[in-house]
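Enquirer: The structure is given below, and queries will be raised subsequently.
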Amino acid sequence: MTAVRITDTSLRDGSHAMSHQFAAEQVRDVARALDEAGVPVIEVTHGDGLAGSSIQYGFSRTPEMDLISEAAGVCEQARIAALLLPGVGTVEQLKEAVERGVRVLRIATHCTEADISQEHFEMAKEMELETVGFLMMAHMRPPEELVEQAQLMESYGADCVYIVDSAGAMLPGEAGAKVEAFKENLGTQVGFHAHNNLGVAIGNSLAALEAGADQLDGSLRGLGAGAGNAPTELLAAVLDKMGVETGLDAFELMDAAEYTIAPIMPFQPMTDRDSIIIGYAGVYSTFLLHAKRAAERYEMDPREILVELGRREAVAGQEDWIIDVALELAKEKEGAAS
Amino acid sequence: MSGDRVRVAIVGSGNIGADLMYKLLKEPGHMELAMVAGIEPESEGLKRARDEGVEATHEGIQPVLDDPEIKIVFDATSAKAHVRHAKLLKEAGKIAVDLTPAARGPYVVPTANLTEHLDEDNVNLMTCGAQATVPMAYAVSRVTPLRYAEMVSTVASLSAGPGTRQNIDEFTFTTARGLEEIGGAEQGKAIIILNPADPPLIMRNTVYIVPEDDEIDEDAITDSVEGVVAEIQQYVPGYQLKNGPTFDERNTPWGEKPLVMMFLEVEGAGDFLPKYAGNLDIMTASARRVGEVFARHLLGVEEVVA
């Protein structure tokens, strides 16, 4: 029987949708529910990874290190993962995260920049962590270029490399083909991280699975950037129906989504106007709320900002360009009006 | 140091060394480029030096140390090499302008604190991001105290060499410290992003400042920032304030606070490296300026340029 490992990222990707306002008690409750439902890996970090708390990305209400401790404290079987983006977080935060209970490190770079992750992989291996490489915005490059980058991560010590559809811009055919290329060329496990901006997060995850993916990501109720991720409870139900071994209790996950996550969500991420445009234009999902805020502040349609960011080929983490683009669009409008 | 020029040398014949060489030849000021030193006999940088009529050696730093007339040495090698060079240069009584992350001497930014360190024999230029953004923090902090300063650098992937890539944490640590120690922020934070867009994008930097006080004099901040930008443009012509200072409020760990934002672009002069590589240009241009200020100091030239 096929088996796949699910990592729940409600407490990391979900941090974006929460505008990084998770409270300690909320994290404890969510982690406990996931642990009891058999989720093997739970990711807990600021949405932009360790040390993401900033003006650029939004300050955390509760220090992420405290949230990691809270989650680690209530889990009986699940292991805690943290995300690290080289250029944002450093080995300094990595060391503290491990002291707080992190056992799996996911290291994310833009899909062409894997070689900035070497020092972090090596440090993580030295600390005997399980390591996962995250190639973000993977819709922007063809399979063969992604393979080269994944092989770099493999050479640094990655146990698994993910194709990360940060923009929710892929369709199932592309997701499957990219996973297949990884399976053919890598000795590591292969993962897929979906966003639902075009409504195909589950479809892409299934295509990835069919192509041989060993790991998939989900978040309860899809709590995540843009239109959110593949909902963990939905993945559990679908995979169960397909006869795929996950070790998850779909009923308990449905309860966790219904009674633990839903009441604390500020909104239900969905394929609304602005999320669809993110997937369609191929823009980093996390830009959603930042672009909405800037659009309101400078009185424009968020789609204008998002499309321009796509045109400029903005990559993960470039939230500062949102205000910059909004200011420039505002100037142009003023110029046109006068 | 006969006449009106100080003899200087460049150690390191890679891209940075070559760009700096062309800058020194184009605009020598009170310096005379006497030697370029490398370790690869066939290196492109040494060949270029010879083509320009500059003495070139592949015997490393030794010939530089042996020339008593060379007073200022730009080190564009690596942090590891500079640790060794720093000691040798000190013993030889030469001033080291360090472009590597080694940081054996104090951090300097020409517009902010260079004049405080003219009696040192080794100064460090931190990072490209620091040269671009620390002056902005400094410009605001001389008007109002800073609780926090954050910078985000976006550079073209092609302009980030293996040194930066293998030790990207160094950028983060050093730049954040620069924002604190020279920029005057109680707490500094730095983020770097590599973007592979084609054609390559010109270096961009965003600076966010959270002042200590809730009431700030926006006009005074704007004047101060514009003043510093004009000073930087004297030695980095492609340095530009694209937007800002713009003022907003943010919810921060210190409560609802005013926020000052500056959006900068740094286009290189294209002396040797491509124009989009403003991140490399600002390092070599700053190094040239630091060398010039030291040279004038050694010569006793009165003009204060810091």
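Enquirer: Checking the conditions here, which among A:Arg106, A:Arg28 is away from every other protein chain (no Cβ under 14 Å) and farther than 30 Å from B:Gly129 by Cα?
Expert: Residue meeting the stated conditions: A:Arg28.
Enquirer: So, in the stretch B:222-247, how many residues would count as being polar (S, T, N, Q) and away from chain A (no Cβ under 14 Å)?
Expert: The total comes to 4.
Enquirer: Given the structure, is A:Gly191 surrounded by fewer than 18 Cβ atoms within 10 Å (Cβ to Cβ) and in the same structural domain as A:Met137 (by TED's automatic domain parsing)?
Expert: So A:Gly191 fails the test.
Enquirer: Suppose we filter B:Glu303, B:Glu292 for residues that are over 20 Å from B:Leu241 (Cβ atoms), at pLDDT below 90, not assigned by TED's automatic domain parsing to the domain that holds B:Gly238 and not β-branched (Val, Ile, Thr); which single one remains?
Expert: Values: B:Glu292 fails: at pLDDT below 90.
Only one candidate qualifies: B:Glu303.
Enquirer: May I ask you to verify whether A:Leu309 is more than 18 Å from the chain's Cα centre (by Cα) and not assigned by TED's automatic domain parsing to the domain that holds A:Gln26? Explain how you work it out, then say what you get.
Expert: On the way: more than 18 Å from the chain's Cα centre (by Cα): yes; not assigned by TED's automatic domain parsing to the domain that holds A:Gln26: yes.
So A:Leu309 fits the description; yes.
Enquirer: Looking at the stretch A:139-150, can you tell me whether even one residue there is in contact (Cβ under 8 Å) with a residue 60 or more places away in the chain and in the same structural domain as A:His120 (by TED's automatic domain parsing)?
Expert: Within the stretch A:139-150, one or more residues are in contact (Cβ under 8 Å) with a residue 60 or more places away in the chain and in the same structural domain as A:His120 (by TED's automatic domain parsing).
Enquirer: Pairs please, first residue from the stretch A:300-318 and in contact (Cβ under 8 Å) with a residue 40 or more places away in the chain and under 18 Å from A:Asp165 (Cα atoms), second anywhere and part of a helix (DSSP H, G or I) and not hydroxyl-bearing (Ser, Thr, Tyr), Cβ atoms under 9 Å, 6+ apart in sequence or on different chains.
Expert: Qualifying pairs under 9 Å: A:Glu313/A:Met140; A:Val315/A:Met140.
Enquirer: Kindly indicate which of B:Thr57, B:Thr127, B:Thr77 is crowded, with 18+ Cβ neighbours inside 10 Å, in contact with a Gly (Cβ under 9 Å, 6 or more places away or on another chain) and free of Cβ contacts under 8 Å to residues at least 24 places away in the same chain.
Expert: On the way: B:Thr127 fails: free of Cβ contacts under 8 Å to residues at least 24 places away in the same chain; B:Thr77 fails: free of Cβ contacts under 8 Å to residues at least 24 places away in the same chain.
Unique residue meeting the criteria: B:Thr57.
Enquirer: While we're on this one: Just checking: which of the strands (runs of 3 or more DSSP E) contained wholly in the stretch B:4-86 hold 2 or more residues that are closer than 16 Å to B:Val97 by Cα, out of contact with any Asp or Glu (no Cβ under 7 Å at 6 or more places or on another chain) and at pLDDT 95 or above? Give the steps one after another, and end with the answer.
Expert: On the way: elements: B:6-11, B:31-37, B:55-57, B:70-75.
Result: B:6-11, B:31-37, B:70-75.
Enquirer: Ok, one more. Report the residue count in the stretch A:203-252 for those that are touching a Leu at 6+ places or on another chain (Cβ under 6 Å) and either aliphatic (A, V, I, L, M) or not assigned by TED's automatic domain parsing to the domain that holds A:Met18 (or both).
Expert: First, the residues of the stretch A:203-252 that are touching a Leu at 6+ places or on another chain (Cβ under 6 Å): A:205, A:218, A:226, A:232-233, A:236, A:246.
Now drop any that are not either aliphatic (A, V, I, L, M) or not assigned by TED's automatic domain parsing to the domain that holds A:Met18 (or both), which leaves A:236.
Qualifying residue count, the stretch A:203-252: 1.
Enquirer: Let me ask something else about it. Looking at A:Leu67, A:Leu34 in this structure, which one is in contact with a strand residue (DSSP E or B) (Cβ under 7 Å, 6 or more places away or on another chain) and in the same structural domain as A:Phe192 (by TED's automatic domain parsing)?
Expert: Criteria check complete, one pass: A:Leu34.
Enquirer: Taking the stretch B:197-216 as the search range and keeping residues that are within 9 Å of another protein chain (Cβ to nearest Cβ) and closer than 12 Å to B:Tyr276 by Cα, which one is surrounded by the most Cβ atoms within 10 Å (Cβ to Cβ)?
Expert: Applying the filter and picking the extreme gives B:Arg204.
Here is a yes/no grid of residues against (1) over 21 Å from B:Pro28 (Cα atoms); (2) not small (Gly, Ala, Ser):
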| residue | (1), (2) |
| --- | --- |
| B:Ala269 | no, no |
| B:Tyr276 | yes, yes |
| B:Asp281 | no, yes |
| B:Ser286 | no, no |
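Enquirer: As an exercise: evaluate A:Lys292 against (1) buried (at least 20 other Cβ atoms within 10 Å of the Cβ); (2) away from chain B (no Cβ under 11 Å) and give the number of the one condition it does not meet.
Expert: So the condition that A:Lys292 fails would be (1).
Enquirer: Provide a single number: the residues in the stretch B:200-235 that are in contact with a helix residue (DSSP H, G or I) (Cβ under 9 Å, 6 or more places away or on another chain) and polar (S, T, N, Q).
Expert: So the count comes out to 4.
Enquirer: Looking at (1) away from every other protein chain (no Cβ under 14 Å); (2) part of a helix (DSSP H, G or I); (3) under 29 Å from B:Thr246 (Cα atoms); (4) of a type in the set (D, E, K, R), which is the only condition A:Asp240 fails?
Expert: That leaves (3) as the condition not met.
Enquirer: Here is a check on your reading of the model: is A:Gly279 more than 13 Å from chain B (Cβ to nearest Cβ), in a helix (DSSP H, G or I), of a type outside the set (S, T, N, Q) and under 26 Å from A:Ile6 (Cα atoms)? Before the answer, list the steps.
Expert: Values: more than 13 Å from chain B (Cβ to nearest Cβ): yes; in a helix (DSSP H, G or I): yes; of a type outside the set (S, T, N, Q): yes; under 26 Å from A:Ile6 (Cα atoms): yes.
Taking the combined requirement at face value, the residue satisfies it.
Enquirer: Quick check on this structure: which one of B:Gly270, B:Gly244 is assigned to a loop (DSSP other than H, G, I, E, B) and at positive phi?
Expert: Result of the check over B:Gly270, B:Gly244: B:Gly270.
Enquirer: Still on this structure: Would you confirm whether any residue within the stretch B:156-172 is away from chain A (no Cβ under 12 Å), farther than 26 Å from A:Arg311 by Cα, in contact (Cβ under 8 Å) with a residue 40 or more places away in the chain and buried (at least 23 other Cβ atoms within 10 Å of the Cβ)? Outline the logic, then answer.
Expert: First, the residues of the stretch B:156-172 that are away from chain A (no Cβ under 12 Å): B:159.
Now drop any that are not farther than 26 Å from A:Arg311 by Cα, which leaves none.
For the stretch B:156-172, residues away from chain A (no Cβ under 12 Å), farther than 26 Å from A:Arg311 by Cα, in contact (Cβ under 8 Å) with a residue 40 or more places away in the chain and buried (at least 23 other Cβ atoms within 10 Å of the Cβ): absent.
Enquirer: Look at the stretch B:193-235 and say how many of its residues are of a type in the set (Asp, Glu), without any contact (Cβ under 8 Å) to a residue 24 or more places away in the chain and under 24 Å from B:Glu292 (Cβ atoms).
Expert: 1
Enquirer: List the helices (runs of 4 or more DSSP H) inside the stretch B:120-227, counting only whole elements, that have at least 2 residues being modelled with pLDDT of 95 or more, under 20 Å from the mean Cα position of the chain (by Cα) and closer than 30 Å to B:Lys90 by Cα.
Expert: B:128-141, B:168-181
Enquirer: Please give the strands (runs of 3 or more DSSP E) falling wholly within the stretch A:89-193 in which 2 or more residues are farther than 30 Å from B:Lys189 by Cα and at pLDDT 95 or above.
Expert: A:189-193
Enquirer: Which residues, counting only those in the stretch A:109-130, are touching a strand residue (DSSP E or B) at 6+ places or on another chain (Cβ under 9 Å), within 12 Å of chain B (Cβ to nearest Cβ) and charged (D, E, K, R)?
Expert: A:Glu113, A:Asp115, A:Glu119
Enquirer: Would you pick out the residues in the stretch B:248-273 that are touching a residue at least 24 places away in the same chain (Cβ under 8 Å) and more than 14 Å from chain A (Cβ to nearest Cβ)?
Expert: Of everything in the stretch B:248-273, those that are touching a residue at least 24 places away in the same chain (Cβ under 8 Å) and more than 14 Å from chain A (Cβ to nearest Cβ) turn out to be B:Val266, B:Glu267, B:Gly268, B:Ala269, B:Asp271, B:Phe272, B:Leu273.
The values are calculated or read from the model by the stated rules, or taken from the named source; none is laboratory data. Only a predicted model underlies this, so the values are computations on that prediction, with no experimental measurement involved. Glycine gets a Cβ as well: all are built from the backbone with ideal geometry, and neighbour counts include every protein chain shown.
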